[in-house]
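Below is one structure, written out as structure tokens; the observations come after it.
The values are calculated or read from the model by the stated rules, or taken from the named source; none is laboratory data. Computed from a predicted structure; not experimentally measured. Heads up, the Cβs are rebuilt from the backbone with ideal geometry, glycines too, and the neighbour counts pull from every protein chain shown. Just the protein is used for accessible areas: all its heavy atoms, side chains included, with ligands, DNA and RNA removed. Shrake-Rupley method; radii C 1.70, N 1.55, O 1.52, S 1.80 Å.
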Amino acid sequence: MRVFVTGASGFIGVEVVKELVKAGHKVVGMARSDEGVKRVKNAGGEVHRGTLEDLESLKSGAATADGVIHLAFNHDFSKFQQNCEDDRKAIEAMGDALAGTNRPLIVTGGVALIAPDRIATEKDTGNANFPRHSERAGLAQIDKGVKASVMRLPQVHDPRKQGLVTYLVEAAKQTGVSAYVEEGSNHWPACHVTDCARLYRLALEKADAGDILHAVAEQGITLKEIAETLGKRLNLPVVSIPQEKVEQHFGWLAMFAGVDCRVSADITQKKFDWHPKGPKLITDLQNLVVEKQNALA
């Protein structure tokens, strides 16, 4: 298949490009910078220059593809609402280009806040109050004759990056303590980046319209265990932050720091014969790559 991948130069995107090329697919990866171009080429893909805001570029990339994997998202949380709106427009534009073809379009969402009081499954609908529109916008393309599906991501990790945990690392360096909220008993799910990339490939090849996939290898690791592991790796004290000081300590990350998010991937694993093999989150944090100039240790 000829596959158009947005976000192809990113942390997950590069691994997805490698996985697709390895499986014999031809990949056209979108990149907006010269450095991004290099990463896409080094991963084995052809380059399509463009941005999420350039809807015509997105349409042209999707129109010539046998399938689309949409990974790109602007994670500047200072303008989160605008980024979510740009994401919705991008999905709709690519959906227009694929209309009537029944070609696959895989959009990316998250697992946070789906079912905070219990273990979330693929049958749970997305949180209607969450401003990111990826799931709803993606599944709406089915009415246009597009084989749309959704990939929900947890903390995707290797020793260099770990989703929201990366921001916990930065907060620890800046404040001099590795922190968790209250008892730290809330959970964050996780998946190694290579397992995640493999699931994107399986979704491209096998997903039906309307499928929801959970790229979850570990249902949930407590924030306290994460903070304790980071404390050891960074040689920093580990502390509990009371609820009234969470926003002061974590900043924008406060909206996620205390969330209890446990997620099952049983349906995904059975349907797609997907069995995660990569290192666990704690293992990668124990081997965390720390830039010397930033480390407090």
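Label separation (LYS232 vs THR125): 4.4 nm, computed from points 7 Å beyond Cα along the C-beta direction.
For the range 88-95, backbone phi angles converted through the Karplus equation (6.51, -1.76, 1.60; θ = phi - 60°) give residue-by-residue couplings of 4, 5, 5, 5, 5, 5, 5, x Hz, Gly and Pro being listed as x. Remark: for residue pairs LYS18/LYS206; LYS22/LYS89; LYS161/LYS224, the C-alpha separation exceeds 21 Å in LYS22/LYS89. Remark: the range 179-186, residue by residue, has Karplus-estimated 3J(HN,Hα) of 10, 9, 9, 6, 7, x, 8, 6 Hz, where x stands for each Gly or Pro and the curve is 6.51 cos²θ - 1.76 cosθ + 1.60 at θ = phi - 60°. Computed over protein heavy atoms with a 1.4 angstrom probe, the accessible surface ordering of SER149, SER185, SER78, SER9, largest first, is SER78, SER185, SER9, SER149. Note on the chain: with charges restricted to the Cβ of Lys and Arg (+1) and Asp and Glu (-1), its dipole about the Cα centre is near 800 debye. Solvent-accessible area per residue in the chain equals 45 Å², computed with a 1.4 angstrom probe and all protein chains kept. Maximal additional length on extending the VAL239-LEU113 stretch stands at 42.9 nm, based on 0.36 nm per residue less the C-alpha distance. Which value, in debye to the nearest 20, describes the size of the charge dipole of the range 37-192 about its Cα centre when Lys and Arg Cβ atoms bear +1, Asp and Glu Cβ atoms bear -1, and nothing else is charged? It works out to roughly 420 debye.
Distances between placed amide hydrogens fall under 5 Å for HIS157 paired with CYS191, HIS192, VAL193, all partners being 5 or more residues away or on another chain. With all protein chains in place and a 1.4 Å probe, the accessible surface of the chain carries 46 percent carbon and sulfur. Multiplying the residue separation of ALA63 and SER185 by 0.36 nm and removing their Cα-Cα distance gives an extension gain of 39.3 nm. For GLY145, the amide hydrogen comes within under 5 Å of the amide hydrogens of GLY100, counting only partners 5 or more places away or on other chains and with H modelled in the peptide plane.
When the alpha carbon gyration tensor of the range 155-229 is reduced to an equivalent ellipsoid, its three semi-axes come out at 30, 14, 9 angstrom, largest first. Of the listed residues LEU213, LEU71, the order by accessible area with a 1.4 Å probe, largest first, is LEU71, LEU213.
For the range 268-277, backbone phi angles converted through the Karplus equation (6.51, -1.76, 1.60; θ = phi - 60°) give residue-by-residue couplings of 4, 4, 6, 5, 9, 6, 9, 10, x, 10 Hz, Gly and Pro being listed as x.
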